[in-house]
Structures are given as C-alpha cells and as structure tokens.
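This report concerns only the one structure given below.
The values are calculated or read from the model by the stated rules, or taken from the named source; none is laboratory data. Not measured: the values here are computed from a predicted model. Methodologically, a virtual Cβ is constructed for each residue, glycine included, from the backbone with ideal geometry; neighbour enumeration extends over all protein chains shown. Only protein heavy atoms, including side chains, enter the accessible area calculation; ligands, DNA and RNA are left aside. Shrake-Rupley method; radii C 1.70, N 1.55, O 1.52, S 1.80 Å.
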Amino acid sequence: MIILGIDTSCDDTSMALLRNRTEVLSSVVSSQVQLHSPFGGVVPELASRKHVELIDLIYARVLSDAHIGLGNADCIAVTNGPGLIGSLLVGLMFAKGLCVSSGKPMVAVNHVEAHAMSIFLEQEPAFPFLALIVSGGHTVLLLFTEPCQYRLIGTTRDDAAGEAFDKIAKFLGLGYPGGKAIEELATGGKADYVAFPRPMLDEPHHDFSFSGLKTAFVNFVKKHGVTEENRPHVVASFQEAVCDVLCRKTMKAARDHSVGRIIVGGGVAANGRLRVLFQERAAREGVLVFFPSGSLCTDNAAMVAITGSFYAERKLFSPETVRGFSRMVRG
Ligand code: KG4
Ligand code: ZN
C-alpha cells in the first residue's frame, strides 16, 4: 500500500510517500522558520499564504523524488487538525481536490495522534501504550488501546512545553524556535543551580502547566541578572524543571492506567536531557520508553502517512465533507 501524507498544520509545508508502512519513498519538509523568526513566533496569516505558494511545488517534488505518479498511490492522508486553521485548510483543500480528481480515498489525520504514531516508522511497540506529545503547540497525554483508538487523558492548561522553551529563548534573545538553542546553552550547566518550581506535580489529574515556570524564570533573571558565567546554569535549571515535570507526570499517568509502554514524540522529544531522564526512570520502574529518531520528532508528513495507513488498512476513510479543527478536545 502506498500512501501520500500531507501536513500543513503550522509552519512547515510537508508531504511524504510511504510504502507498506515503513518504506519512506520520499519526504519533503519545507520549513518557514526564516519567514517567522523576525517576529519571534509563527504569524498565522503569513504561514497560510506561504503554504498556498508552496503546496503545488512540494507536491511535484514529493512525486518526482519517489519516481512515481499519484496513480500509484492507494490513499491520501492529510492533517485536518489541531493547528492553525488557515494553514490546515490549505493542505486539507488540496487533498480534497486530489481525491475528487483521482477518485482515491482520503484519511483525515489528527496531527497529535500522528506524532505518537511516528514511532511505527522505525519500531513496533505493542498496544496499549501511553503517548506524551510535546511540541511548540501541544503538551498532551494520549492513552492508546489499539491502533486508531485513543483517549486524551492530560493536556496543558496554558503554555505548551515547547512554547515555554521558545518564550524564554526569545526573552534571552536566542531567536526562534528556541528549544534547541536552550538545550545547547544548557550543556555543561548545573541543573540544580536554581530550584525552579515543578508545576502540578502532586495533583491527581494528568494536566500540565508551564506558564508559571516561565514567569519564575523571567522573574529570576530580572532579580538576579544573567551573566556569561551563570547563564548555562540558569538555563539548565529551567530545562531540568520542564523535563522533570514531563517525565514524572507521564510515569505517574502510566502507573495510574497500568500501562508498561510509553512513547514520547513532538519537537521537544528531540531534547537530549528529556531522553536521558525518561530512559533512567523508565529503567527504574520497569517501563519501556520509545523515542522516534530526531528528524521524526519535529513536524513531517511521513508520520501523517503512517497514521493514515493504519486507518486505510481498516477501511476507516473520511468523507469529503470532513472539516478542519484548531483545538484538540478531551474525549
Ligand atoms: O513538533 P514541532 O516541530 O512543531 C509543532 O507541532 O509545534 O515542535 C517544535 C517545538 C518548538 O517549540 C521547539 O523549540 C521545540 O519543539 N524543540 C525543542 C528541541 N528541538 C525542538 N525543545 C527542546 N529541546 C530541543 N532540542
Ligand atoms: Zn507537530
């Protein structure tokens, strides 16, 4: 089975062709980072206009890289949410056009579910499992019972984890997006230099909150100042607080739901400290943790194609009236 995956949910125009679940025939990700970085964050109207400008070119490129035509594909999988609605609609309408003109079936894919399912491009974790998706837009815990069956059991009540990284990076003048820059700066820093708060750690629910932690960071810097010397320590302490909360709360959710497998995905899952913490604690608790490789953590369309393939195998296709949606709701 060959699936064309399309993702325009935020600031990347992405398409991929996937054969038989694991063979990525081609994958194109056109990043808009340079377009948005002067603004310190994604400007939705600019993002959707750029998608409109690029989508035909990316489509031609993904087919030519794979040396096939759309006629060889069995199905089109496209992200219909959550994300920036103007951006999502560009990919969704493009996919609908392809489906109507070619007669191919369509699968509308949840972007957050796709981050979780990206692991199946490389590994085969057994169900059930818990998925922590941490990106610039989402901090979400999904409990998967089987393919295409999951429940949202926790989410952020304010900022996403990646957003918190991005905001403190902006505050320090490190550019956008800031997660990677923060990680690099934190290398060699003392993670226990500042005792930043661990928000919502002891509460019975599985929700997260990062806005107070970000404020604590800003207040610390305003009060004590940052120098060349203490900057790595302050930043490492912030990174530790985010990773510690993500890790502890996910482990607790796994215990509460009696699952022994955890998948971590989304852009922040590329963070080395987060990976080490999870591996260490998982080993202690006898839980298995799976991370996709770095390039599959950030937005891409191969993850949309693999998610689509699970639905297509079960003939769970979407009607051509399917709509885009911007926010993920608890179900
Ligand atoms: O999944 P993604 O590419 O896009 C969204 O769906 O949001 O995630 C991007 C986010 C940004 O907030 C970025 O700062 C963060 O992932 N990020 C990182 C790292 N690499 C990317 N955060 C912490 N450490 C990293 N190494
Ligand atoms: Zn994403």
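Miscellaneous remarks
Yes/no per residue for (1) in contact (Cβ under 8 Å) with a residue 24 or more places away in the chain; (2) within 17 Å of the chain's Cα centre (by Cα):
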residue: 5; (1), (2): yes, yes
residue: 17; (1), (2): yes, no
residue: 29; (1), (2): yes, yes
residue: 32; (1), (2): no, yes
residue: 37; (1), (2): yes, no
residue: 61; (1), (2): yes, no
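- Residue pairs meeting the criteria (Cβ under 6 Å; at least 6 apart or on separate chains; first closer than 11 Å to residue 260 by Cα, in the range 122-137; second open to solvent by 40 Å² or more (accessible area, probe 1.4 Å) and away from ligand 1 (no atom under 12 Å from the Cβ)): 125/261; 127/146; 128/145; 129/261
- Residues that are open to solvent by 20 Å² or more (accessible area, probe 1.4 Å) and part of a strand (DSSP E or B) were ranked within the range 154-176; the one that is nearest to residue 236 (Cα to Cα) is 156.
- Scope the range 254-276; condition part of a strand (DSSP E or B) and either free of Cβ contacts under 8 Å to residues at least 24 places away in the same chain or within 11 Å of residue 289 (Cβ to Cβ) (or both); matching residues: 261, 262, 263, 264
- Test for residue 77: is it touching a residue at least 24 places away in the same chain (Cβ under 8 Å), under 17 Å from residue 330 (Cα atoms), within 16 Å of ligand 2 (Cβ to nearest atom) and of a type in the set (Gly, Ala, Ser): no
- Taken as a whole, the range 301-312 holds at least one residue that is under 16 Å from the mean Cα position of the chain (by Cα), of a type in the set (S, T, N, Q) and open to solvent by less than 20 Å² (accessible area, probe 1.4 Å).
- Counting the residues of the range 127-141 that are touching a Leu at 6+ places or on another chain (Cβ under 9 Å) and either away from ligand 2 (no atom under 16 Å from the Cβ) or within 18 Å of residue 27 (Cβ to Cβ) (or both) gives 3.
- Residues being away from ligand 2 (no atom under 12 Å from the Cβ), closer than 25 Å to residue 137 by Cα and of a type in the set (Gly, Ala, Ser) - total across the range 102-126: 1
- Some residue of the range 279-294 being within 15 Å of ligand 2 (Cβ to nearest atom) and of a type in the set (Asp, Glu): no
- Flag for residue 113 being within 28 Å of residue 199 (Cα to Cα), open to solvent by 10 Å² or more (accessible area, probe 1.4 Å), assigned to a helix (DSSP H, G or I) and of a type in the set (Asp, Glu): no
- Within this structure, residue 205 passes the test of being out of contact with any Gly (no Cβ under 6 Å at 6 or more places or on another chain) and in contact (Cβ under 8 Å) with a residue 24 or more places away in the chain.
- Condition met for residue 282 (over 19 Å from the mean Cα position of the chain (by Cα), more than 16 Å from ligand 1 (Cβ to nearest atom) and not in a loop (DSSP other than H, G, I, E, B)): yes
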